Amino acid sequence: MQTTTKRLYRKLQHREVAFSNLRLSAGHVLRDVGESTRVVYLCASNGAVADWLTWAVSDLDPDVAPGAHYLDGSGVVLRYDTPRGPVEIHEASSWFGEGTYTNVEAMRAYEALQAIIGEAFPGSTILATPATTGRELFLRSIPRGTEYPVLDAETQDLIRATDGQGRIEVMRGCRDPNCRLDGLYEYDARFAYASMCWELPVGPVHHDDVDRFEGAMRGRYKVTGMVPLDWSEPFGLIGEKDNAGGWRYPSTPRQTFKTWCDAAELDLAIKMGWKFRIWERLLFPATGRPLDTWAKKLTRAREATTNPLVRNALRAILLQSIGAFHGRPHIETHMLPLDRAAEVPPEARRPRRGGPGDNWIVYGLETGQGWANLAHPEWSACVWGRARARLLHAPLSQGALNRAPGTHVVGFRTDAIYLTGPQPEWDAADDGKPGRYRLKGSSTARAAWPRNGRELLDLKAGLL
């Protein structure tokens, strides 16, 4: 029987949470919180712990045992079995982003978020992570009697293996190593993914090798392309995987490439005069609106608050839920004392010594998809493809291809564009809706052209 996604409405018990400053060890944190606390969020922890594995098992009480940790995702999740019940430790930044907010400020934002979410999705509660919370809210938003089929495992794997997420790239400024910027302007798309959840692919998928582009039909295409001879932009339109598993965007005239891309990206490139040979197609003749209600409710919730931490949390729910729909298998990190090495299961991945004094055996276990009924990589791939296309050409004549004359693109970062000058037409076009690019920060200080993402982030930190 085919798995489907359908409405689920259940009464959930809200677990007591606490916000804590980062302590010397997990043991200190667990002793500091109340007996009824089940989830602890660490403030100001980002980058402060060099080795989470060592921190996670340091100074634990004898009756506390480490459980299955998550260390490979967007935020650290540490789990423990304690005499008072299971306890999890998370980073507060997974909800509120990096910052210098206090425990009290974080708790107030958390309580405000709970109230806003409860009003938007009656009967709901905040769960441990933004991704888990967002998926639970989505299940409540599905109309009664509506079901969305989950794709077969082979098609899901093909989409996951051939799709990337946000475009992150720094342009080469010029060949002169002393090339400098006279200014930097960050234009960021407001609550971007919420504006890209409309009419997503649903239903059966059609897989063939016909060399024809189907225009507005949702789909993915395996293509061979070549950068046009007269292409003068320093950035490309279509990405391909490099040998390291990352993504590059060919932009040199006559440069050829072979890749999978979303229909939105291919449509834009064709309109810009690029030529392609199509080798394979994944087509979705039917579309639906599975995420419309969910995205609109999150948008209204965000508009109802001015608290920056709450707004960050709602953005985290949106972004991380879209990522979770991709349905990648989870890897749990387990730890056993060295004298229990014989208990490591045969399917363990990369068993090794680690922790304090290398006195632990650390290994991974693949747990499969956490929510198999919500594995929809076709949805996340469509949203991400639209986001990459809109970096280049967006409604109301925004996007890198529509920038003001004389300004240059410095880089892209998911839903943000960095330029060397202001964009008055973009500013005038911003009507406040999700997806619109608005000036988030700027600087007129002279600086070296960034050579990589880290240098671009350093420049971003100085924007006003």
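The values are calculated or read from the model by the stated rules, or taken from the named source; none is laboratory data. Quick caveat, the model's predicted, so the values are computed rather than measured. In this analysis, Cβ positions are derived from the backbone assuming ideal geometry, glycine residues included, and neighbour counts consider all displayed protein chains.
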* So is LEU463 farther than 26 Å from GLU265 by Cβ and outside any helix (DSSP H, G or I) or not? -> yes
* Unmet requirement for PHE235, which otherwise passes all of (1) surrounded by fewer than 17 Cβ atoms within 10 Å (Cβ to Cβ); (2) in a loop (DSSP other than H, G, I, E, B) -> (1)
* Structure fact -> When segment 137-174 is checked residue by residue, the ones that are within 27 Å of ASP188 (Cα to Cα) and loosely packed, with under 15 Cβ neighbours inside 10 Å are ARG172, CYS174
* Asked: Residue check: is ARG311 surrounded by fewer than 17 Cβ atoms within 10 Å (Cβ to Cβ), under 23 Å from the mean Cα position of the chain (by Cα) and under 22 Å from PRO122 (Cβ atoms)?
  -> no
* Asked: Would it be correct to say that ILE331 is of a type in the set (Val, Ile, Thr) and assigned to a strand (DSSP E or B)?
  -> yes
* What do you reckon, is ARG328 farther than 30 Å from PHE235 by Cα, surrounded by 14 or more Cβ atoms within 10 Å (Cβ to Cβ), under 26 Å from the mean Cα position of the chain (by Cα) and among the charged types (D, E, K, R)? -> no
* Among the strands (runs of 3 or more DSSP E) confined wholly to segment 352-432, which include 2 or more residues that are in contact with a His (Cβ under 6 Å, 6 or more places away or on another chain)? -> 360-368
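Let's see how each residue does on (1) of a type in the set (Val, Ile, Thr); (2) touching a residue at least 60 places away in the same chain (Cβ under 8 Å); (3) out of contact with any Lys or Arg (no Cβ under 9 Å at 6 or more places or on another chain):
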residue: ASN46; (1), (2), (3): no, no, yes
residue: ASP63; (1), (2), (3): no, no, yes
residue: HIS69; (1), (2), (3): no, yes, no
residue: TYR80; (1), (2), (3): no, no, yes
residue: HIS90; (1), (2), (3): no, no, yes
residue: TRP95; (1), (2), (3): no, yes, yes
residue: TYR101; (1), (2), (3): no, yes, yes
residue: GLU119; (1), (2), (3): no, yes, yes
* Structure fact -> Of the candidates GLY435, GLY411, GLY406, GLY421, the one satisfying the condition of being surrounded by 17 or more Cβ atoms within 10 Å (Cβ to Cβ) and over 18 Å from ALA387 (Cα atoms) is GLY421
* Asked: Does segment 282-296 contain at least one residue that is under 30 Å from THR102 (Cα atoms) and either at pLDDT 95 or above or buried (at least 22 other Cβ atoms within 10 Å of the Cβ) (or both)?
  -> yes
* To do: Kindly list the number of the only condition in (1) in a loop (DSSP other than H, G, I, E, B); (2) within 23 Å of the chain's Cα centre (by Cα) that fails for ALA109.
  => (1)
* Pick from segment 242-277 the residues that are out of contact with any Lys or Arg (no Cβ under 8 Å at 6 or more places or on another chain) and under 24 Å from TRP379 (Cβ atoms): which of them is surrounded by the fewest Cβ atoms within 10 Å (Cβ to Cβ)? -> GLY245
* If GLY245 satisfies every condition in (1) farther than 14 Å from LEU282 by Cβ; (2) touching a residue at least 24 places away in the same chain (Cβ under 8 Å) but one, which is the exception? -> (2)
* Structure fact -> Output for Cβ contacts, cut-off 7 Å, separation at least six or different chains, first residue of a type in the set (A, V, I, L, M, F, W, C) and in a strand (DSSP E or B) in segment 7-31, second surrounded by fewer than 17 Cβ atoms within 10 Å (Cβ to Cβ) and at pLDDT below 95, reads ALA18/GLY34
* Asked: Out of curiosity, is GLY355 out of contact with any Ser or Thr (no Cβ under 8 Å at 6 or more places or on another chain) and on the phi > 0 side of the Ramachandran plot?
  -> no
